[in-house]
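Enquirer: Before I ask anything, let me first share the structure, which is written out below as structure tokens.
What follows is calculated from the coordinates using simple rules that are stated; it is not laboratory data. None of the values given here were measured: they were computed from a predicted structure. Counting neighbours? That spans all protein chains shown, and the Cβs are built from the backbone with ideal geometry, glycine included.
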Amino acid sequence: MRSLRRQLFAWLLALYLAAAAIAMLVSYRQYATSINAFMDGQMHGAALGYVQQIAAAAKPPSLKPSDTEKIQHRGSLVVQIWSSRGQLLATSYPIPALALSAQAGFHTVKIDGASWRTYTVPAARFRLQVAQSANFRQRVILDSAWKSVASIAVLIPLSGLLLWLVVHLTLRPVERLVQSIAGQDERTLAELPVTRVPQELVPLVESMNGLIARLRGAFDTQRHFVQDAAHELRTPLAACILQAGILRQNLDGEGIEALDRLQGGLHRMRRLVEQLLRLAHEDAEGPGGDGASIDLRALIRDAVADLMPLAEQRGIDLGITSLEAGEAHADAHGLRTILDNLIDNAIRYTASGGQVDIASREEGGQAVIEVSDTGPGIPSDALSRVFDRFYRLPDSGSEGSGIGLAIARAVARRNRMEVALINRKEPRGLIARIAIPKH
Amino acid sequence: MRILLIEDDEMIGAALMEAMKRAGYVADWVRDATAGTAAMADRVHTAILLDLGLPRGSGIELLCSARANGNTTPILIITAKDGVAARVEGLDAGADDYLTKPFEWRELDARIRAVIRRRDGHAQSLIGTGELQLDLATRELVRQGVRASLSAREFALLHALMERPGSILSREQLEDRIYSWRETVSSNVVEVIIHGLRKRFGDGIIRNVRGLGWRVPRDDE
């Protein structure tokens, strides 16, 4: 994936390096010109001095010998005195291959791979030639140019750091945007703020806001549709249930069996309609309040009382194993919805003769209610999906609407509670666990 | 017993009329608010079943005007509207009970009988379910119309359980009801009384709830 940050940074760094290279080249050129001119001037001055000495003397003066160190590394001048016929009369340092230039003035001569800058001038009956190592000059120029560029070179990592900071700050609004989008779900869908967003990102945010508005509209429509549809189903369903009840008195034998199945279907439909309404209601609500202090023992007792008929009808031994947790801080209605759904599931998915146990205890600042059954449990790969709406286990038969757990989770999320399902081995079954804040 | 049904849905109306006829009620059926107002003004009915969403006026308005006119006939709201707010509104307006669609006839029938009982002044004397009642005046158990006498402790225990059929009472709660605070409690007295009651009236009369206590079944079980 292309990183905007990396790309921006790479480009800026490349640009910076190119600028440094160009600066180096330009300053090298400038130094070359000025240093050459300066050294040429020095040569000229020195040559004139010698010319005066020679002019006053009858014979060529003796020259102080120089050494390689001075010549090559310190830029000392090589002084040569030639006869007018081109014969070397004296030299301060031997450079065998260096000849007398035919014309007076400055020349650059290359001998055996080494360059020399020479200046030739007539002096009385002789000719004077001074020479300076061009390699030395080159080194001086390079050295000077490098020194001037070194400060820039030091700036490169420093400015890299600065660039990184600038890029980071520039991209901060994008990160903020990402966070505010990530923090949304279908219930808290809200337009993103346009203030504090860089001008360049405003069109993006605005079009995103348009999308969010349409999305919210779609969610609302869906929610209302589910609510209205479920509500409208109640009246015809009531008529069917009443008619089926009347039919019972006119039937016997096989007819009764068929009617039992019909009433079973009607009952399931009734439950589904109620659950759909509950889910639609849950979706429409904002985050729940802080709740209130509730008596968990009484709440569990009421839930068991309400589900006892179903348990007896199914041949399930529904009971309590412990009631240690006394008080918790929660929305009582929400907690009842969750607990009822979990107990209802446990009863429905446990075979006749099975057992459903309810236990409550306190655990690390929370109250915990566990509903354990002796049913088949849930395959581990399906554990994360059973909370999805209308998801039903492949072998669950005709039981359940597939939205009980979705409701439980929606209510829990809204009211600071947690619902989890855990398979247990001994005895085999499922543990459904609700964690409720104590305060 | 003559029942007035105010309901605009043909299917539900027809089903309820049929069910009421079979249950031995005499029933009249009107389909809108105007006809409802007229029928209620006759004051010949023992109870009224009222739907809230009606043509030509709302059920709540009908209820309010009936109560304002001094009509005290028991009124039972039957509606698809649910939620605590709607229920409270209905009961505040003067309804005697509130039942959300869909429901089964057994449930409605039990509630009709309950509101009529209450209105007849039996409220203080007869409690329980359609199946099983306790006569608080005579201290007798009424089972499908058959009366049976009870010992003082049996009566106290059943009284506690049948105040709210379906709810679960613990041993401590039942002991509190059987004994006065002066008496000492013997350990298994609750079991002994329940055992005796089951022997006389059948196992189903009081049911165990493991870990919690005992209960009597509700109407809709």
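Enquirer: Whole-Hz Karplus ³J(HN,Hα) for the stretch A:106-111, in order, using 6.51 cos²θ - 1.76 cosθ + 1.60 and θ = phi - 60°, x for Gly and Pro?
Expert: My calculation for the stretch A:106-111 gives 7, 9, 10, 10, 10, 10 Hz in order.
Enquirer: How many Cβ atoms of partner chains, on average, are near each residue of B:162-174 if near means within 10 Å of its Cβ?
Expert: Mean number of neighbouring Cβ atoms from other chains: 2.
Enquirer: What does the convex hull of the Cα atoms come to per residue for the stretch A:124-209, in Å³?
Expert: Hull volume over Cα atoms, normalised by residue count, gives 167 Å³.
Enquirer: What FRET efficiency do you get for A:Asp381 and A:His267 if R0 is 25 Å and r is their Cβ-Cβ distance, rounded to the nearest 0.05? The partial results should precede the final answer.
Expert: Numbers: r = 31 Å, r/R0 = 1.25.
Calculated value: 0.20.
Enquirer: So, one more: Hey, what did the stretch B:126-215 get for relative contact order, percent, Cα under 8 Å, at least 6 apart?
Expert: Details: 101 pairs, mean separation 20.8, N = 90.
Reported relative contact order: 23 percent.
Enquirer: May I pose another question? If you take each beta carbon of peptide A:303-309 and count the beta carbons of other chains within 10 angstrom, what is the mean?
Expert: Details: counts 0, 8, 11, 4, 0, 11, 7.
Whole-number average of other-chain Cβ neighbours for A:303-309 is 6.
Enquirer: 7 Å from Cα along Cα→Cβ at both A:Ala153 and A:Ala20: what's the point-to-point distance in nm?
Expert: Distance between the two pseudo-spin positions: 0.9 nm.
Enquirer: Could you work out how far the C-alpha centroid of the stretch B:1-76 sits from that of the stretch A:211-259, in angstrom?
Expert: 24 Å
Enquirer: Could you sort the peptides A:339-347, A:90-98, A:371-379 by per-residue average Cβ neighbour count (10 Å cutoff), highest mean leading?
Expert: Ranking, from highest mean packing down: A:339-347, A:371-379, A:90-98.
Enquirer: Where Lys and Arg each count +1 and Asp and Glu each count -1, what net charge lies around A:Trp164 among other residues with Cβ under 12 Å from its Cβ? Intermediate values should be presented prior to the final figure.
Expert: On the way: positive: A:Arg5, A:Arg6; negative: none.
Surrounding charge for A:Trp164 is +2.
Enquirer: Another question about this same structure. When Cβ neighbours within 10 Å are restricted to other protein chains, what is their mean count per residue of peptide B:14-21?
Expert: 4
Enquirer: Right, another one. So how tilted is helix A:254-284 from the main axis of chain A? Cα-based, degrees 0 to 90, rounded to 10.
Expert: Orientation of helix A:254-284: about 40 degrees from the principal axis.
Enquirer: Moving on. For the ranges A:270-281, A:77-88, what's the packing order if you count other beta-carbon atoms within 10 Å of each residue, average per peptide, and put the highest first?
Expert: Answer by packing, highest mean first, reads A:270-281, A:77-88.
Enquirer: Moving on. Going by Cα centres, the stretch B:108-162 and the stretch A:182-204 are how many Å apart?
Expert: What the calculation gives is 64 Å, centre to centre.
Enquirer: Shape call for the stretch A:340-428 from the C-alpha gyration tensor, a ≥ b ≥ c root eigenvalues: rounded (a/c under 1.5), prolate (a/b greater than b/c) or oblate?
Expert: Because a/c hits 1.5 or more and a/b fails to exceed b/c, the stretch A:340-428 counts as oblate.
Enquirer: Which whole-number percentage describes the relative contact order of the stretch A:289-437, with Cα contacts under 8 Å and a sequence gap of 6 or more?
Expert: Here the relative contact order equals 25 percent.
Enquirer: Going by a ≥ b ≥ c, the root eigenvalues of the Cα gyration tensor, does chain A fall in the rounded group (a/c under 1.5), the prolate group (a/b larger than b/c) or the oblate group?
Expert: prolate
Enquirer: On to the next question. Taking the simple approach of a point 7 Å from Cα along Cα-to-Cβ for both A:Gln7 and A:Glu418, what is their distance in nm?
Expert: So the two model labels end up 4.1 nm from each other.
Enquirer: Measure nothing but the geometry: give the 0 to 90° angle between the long axis through the Cα atoms of A:332-348 and the longest principal axis through the Cα atoms of chain A, rounded to 10°.
Expert: Rounded to the nearest ten degrees, it is 70.
Enquirer: Roughly what angle does helix A:202-248 make with the longest principal axis of chain A, taking Cα atoms, 0 to 90 degrees, to the nearest 10?
Expert: Its long axis makes an angle of about 10 degrees.
Enquirer: Oh, and also: Provide the gained length on full extension for the span A:Leu189 to A:Val202, in nm with one decimal, where the gain is 0.36 nm per separating residue minus the Cα-Cα distance.
Expert: 2.8 nm
Enquirer: Under the Karplus relation 6.51 cos²θ - 1.76 cosθ + 1.60, θ = phi - 60°, what is the ordered set of whole-Hz ³J(HN,Hα) values for the stretch A:120-134, x standing for Gly and Pro?
Expert: Using θ = phi - 60°, the values come out as 10, 8, x, 9, 6, 8, 10, 10, 10, 10, 10, 9, 9, 4, 5 Hz.
Enquirer: Also, quick follow-up: Among all the lysines, which ones have a C-alpha under 25 Å from A:Lys147's C-alpha, if same-chain residues fewer than 8 places away are not counted?
Expert: Within the straight-line limit of under 25 Å, A:Lys147 reaches these lysines: A:Lys70.
Enquirer: For B:Lys81, list the lysines whose Cα falls under 28 Å from its own Cα; do not include residues on the same chain fewer than 8 positions away.
Expert: Qualifying lysines at Cα under 28 Å: B:Lys21, B:Lys101.
Enquirer: Still on this model: Please report the net charge: other residues with Cβ closer than 10 Å to the Cβ of A:Val368, K and R +1, D and E -1.
Expert: The answer is -3.
Enquirer: OK, next. Quick check for me: using +1 on Lys/Arg Cβ and -1 on Asp/Glu Cβ, what's the dipole size of chain A about its Cα centre, in debye to the nearest 20?
Expert: With only Lys, Arg, Asp and Glu charged at Cβ, the dipole is about 4340 debye.
Enquirer: Using a 7 Å offset from the Cα along the Cα-to-Cβ direction at both B:Arg67 and A:Ala46, what is the distance between the two label points in nm, to one decimal?
Expert: Here the modelled spin labels are 12.3 nm apart.
Enquirer: I would also like to ask the following. Given the stretch B:2-122 reduced to its alpha-carbon atoms as identical point scatterers, what log10 I(q)/I(0) does the Debye formula return at q = 0.13, 0.14, 0.22 Å⁻¹?
Expert: Ignoring solvent entirely, the Cα scatterers give -0.44, -0.51, -1.45.
Enquirer: Using only the Cα atoms of the stretch B:77-195, build the gyration tensor, take square roots of its eigenvalues as a ≥ b ≥ c, and label the shape rounded, prolate or oblate: rounded if a/c is under 1.5, else prolate if a/b is larger than b/c, else oblate.
Expert: Because a/c hits 1.5 or more and a/b exceeds b/c, the stretch B:77-195 counts as prolate.
Enquirer: May I ask you to derive the relative contact order of the stretch B:2-122, considering only C-alpha pairs under 8 Å and at least 6 residues apart, and to give it as an integer percent?
Expert: Numbers: 182 pairs, mean separation 27.2, N = 121.
Relative CO of the stretch B:2-122 lands at 22 percent.
Enquirer: Here's a follow-up. Measure out, as a whole number of angstrom, how far apart the alpha-carbon centroids of the stretch B:163-177 and the stretch A:317-373 sit.
Expert: The stretch B:163-177 and the stretch A:317-373 have Cα centres separated by 21 Å.
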